[in-house]
Amino acid sequence: MKSKIQAVISNRGASIDAIKQTLEYINSALINLSDLKRFEDWLIEQEIVDDITKKELQNNDIEKFVERLSFEKKYWENIQIRFARQTLNIGVVGRMGQGKSTFLQSISALTDEHIPAKSGQACTSTQSVIYHTESKEFAKVYYYNEKDFINEVLYPYYSNLDNIKGLGKSNLPSSLSEFEKTSFKPLGDIQGLSSKKEGWYNNLLKLHSNIADYKNLISSDFEEINISKIKEFVQYTYNEKNDDIASYRYVAVKKIEIFTKFPDNNVFQLGLIDIPGLGDTRLGDEERMIRALGEDVDIILFIRKPDKDRNQWQDVDTNLYDIASSVLREKLSLDTWSFMLINNRHGSIEDCNLLKKTISLKGRIKTIDCLIANCKSPEESKQALETIITYLVTSISELDAVFIKNCRKLLYLTE
């Protein structure tokens, strides 16, 4: 398996030339549009055209084209990074409490001290990428810079709470210092909020009141830490006395990379990405998940655990699938780069088989295969992973070709 993964990564590098060619095309178009815009402005300033022509020049869509192509340039630069990556990455996705962290523990031999999996205890809050290493074990913690923290962490609260005076997009702080100096009304003084928005506003208040926990970490780059320290950066724990979060240091962390020795070294050059579970009142998780799936993930593993009381596919399942499906949209169909794993955690194979049998009844949930395994079992988790890796190494070249073809097709259809 190791040699197959190495071969796939090596062959993947051949696609870089096509990607560079596309970027050259975009850069050339941006230069030409810039020159055209300057000539247009010169014509208008010199007043050598009649009023009708002047009006038509002022109403053209050059700036719209530039904006669209600038977006495409950034997108293709991310594609270039994706194809230059020296690992194949599996994104593990699921709602809170379904078995994601347990599965990752079984594969990597990490524990609750690194990846929290115990019900009712600490919760994973940060995207973690776990790699196998034959050398020393360590972790890299990547922090938000100030701009990204404001746009990715604070912006979702300000934009979704725009009915509260002092919030809304126009009031988004330009710096962390400005946010710290902002005065917010107590939750009890805000009237007419839905329970969901009350939760959002309460989270914003806590981000503000606990800023001392994390502000000195913002704008740092990254630091290397011992894996025994991971817990402080990837999860939040609650005080037993007041049921509040004990420390907000995790808020400053954008992602963490963990290098540890897996029991099975066949996972060489493979990355396992723990996507934080959806389901609490934090805003921005959905956007962060979409970005991670679009930029860092080659194949998705959904994990779902049977429910004793309502053992059926629910709207929350299809909603999660739809979010993931929106990532690549017309570029790659999700049923060609995703698996479903039903977590047989409590040994009820009948419940698992029922979910597997009825997965197609929901209509929208379509994956390559629906697997059943006990995520607590290293052996069963390993077997499930081997099925996914086998598909990945045999199909990734074809998937990459379709992906690039559709990306270029959409670019050329830009109007």
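No lab work stands behind these numbers, since they all come straight from the coordinates. All values derive from a computational prediction rather than experimental measurement. Note: ideal-geometry Cβ built from the backbone for every residue, glycine included; neighbour counts use all protein chains shown.
Some observations on this one:
- Fully extended contour minus Cα-Cα distance, from Glu287 to Asn163, at 0.36 nm per residue: 42.5 nm
- Amide H contacts under 5 Å for Asn89: Gly271, Asp298, Ile299, restricted to partners 5 or more places along the chain or on a different chain, H placed in the peptide plane at 1.01 Å from N.
- Note on the chain: dipole from Cβ charges, positive end direction compared against Asn226, Tyr142, Tyr248; the farthest Cα belongs to Asn226.
- The share of C-alpha pairs in the chain whose separation exceeds 34 Å stands at 40 percent.
- Qualifying aspartates and glutamates (Cα of each under 13 Å from Cα of Lys4; at least 8 residues distant if same chain): Glu386
- Relative contact order of the chain, pairs being alpha-carbon contacts under 8 Å that are 6 or more residues apart, as %: 24
- Charged neighbours of Lys2, selected by a Cβ distance under 13 Å, balance to -2 (K, R count +1; D, E count -1).
- Rounded to the nearest 20 debye, dipole of the chain from Cβ charges on Lys, Arg, Asp, Glu: 1020
- FRET efficiency, Glu232 to Lys206 (Cβ-Cβ, R0 22 Å, nearest 0.05): 0.80
- Residues Asp298, Asp307 in ascending order of nearby Cβ atoms (within 10 Å, fewest first): Asp307, Asp298.
- Look at the alpha carbon pairs under 8 Å that are at least 6 residues apart: their mean separation over the length of the range 92-200 gives a relative contact order of 14 percent.
- Residues listed by number, the range 147-171, amide nitrogen under 18 Å from Gln191 label point at 7 Å toward C-beta: 163-166
- Taking the chain as a Gaussian network of alpha-carbon nodes connected by springs under 10 Å, the highest mean-square fluctuation of the residues Ile273, Ile349, Ile52 belongs to Ile52.
- A straight Cα-to-Cα reach below 18 Å connects Lys229 with the aspartates and glutamates Asp112, Glu113, Glu137, Asp213, Asp221, Glu257, Asp274, residues fewer than 8 places away in its own chain not being considered.
- With q set to 0.13, 0.18, 0.25, 0.26 Å⁻¹, the log10 of I(q)/I(0) for the range 2-79, from the Debye formula over equal scatterers at the Cα positions, is -0.57, -0.80, -1.08, -1.12.
- Per-residue 3J(HN,Hα) values for the range 258-264, derived from phi via the Karplus relation 6.51 cos²θ - 1.76 cosθ + 1.60 with θ = phi - 60°, read 10, 10, 9, 8, 6, x, 10 Hz in sequence order (x marks Gly and Pro).
- Dipole of the range 338-397 [Lys/Arg +1, Asp/Glu -1 at C-beta], most positive-end residue of Ser377, Ile365, Ile349: Ile365
- Kirkwood radius, the range 282-373, all distinct C-alpha pairs, inverse of mean reciprocal distance: 13.9 Å.
- Spin-label model distance (nm) - Lys405 vs Glu224, 7 Å beyond Cα toward Cβ: 4.3
- The range 124-176: trypsin sites (Lys or Arg not before Pro) falling in loop per DSSP and having at most 15 other Cβ within 10 Å: Lys136, Lys165
- Across the range 148-212, the volume of the C-alpha convex hull divided among the residues equals 80 Å³ per residue.
- When only the Cβ of Lys, Arg, Asp and Glu is charged (+1, +1, -1, -1), the dipole of the range 2-79 relative to its Cα centre reaches about 1000 debye.
- Among the listed pairs Lys169/Lys231; Lys74/Lys331; Lys147/Lys305, those with a Cα-Cα distance over 26 Å are Lys169/Lys231; Lys147/Lys305.
- Packing-based order for 380-392, 97-109, using average beta carbon neighbours within 10 Å, highest first: 97-109, 380-392
- Using a Förster distance of 41 Å, the FRET efficiency for Ser10-Asn311 (Cβ separation, nearest 0.05): 0.40
- Nitroxide proxy distance, nm - points 7 Å out along Cα→Cβ at Ser135 and Glu198: 5.3
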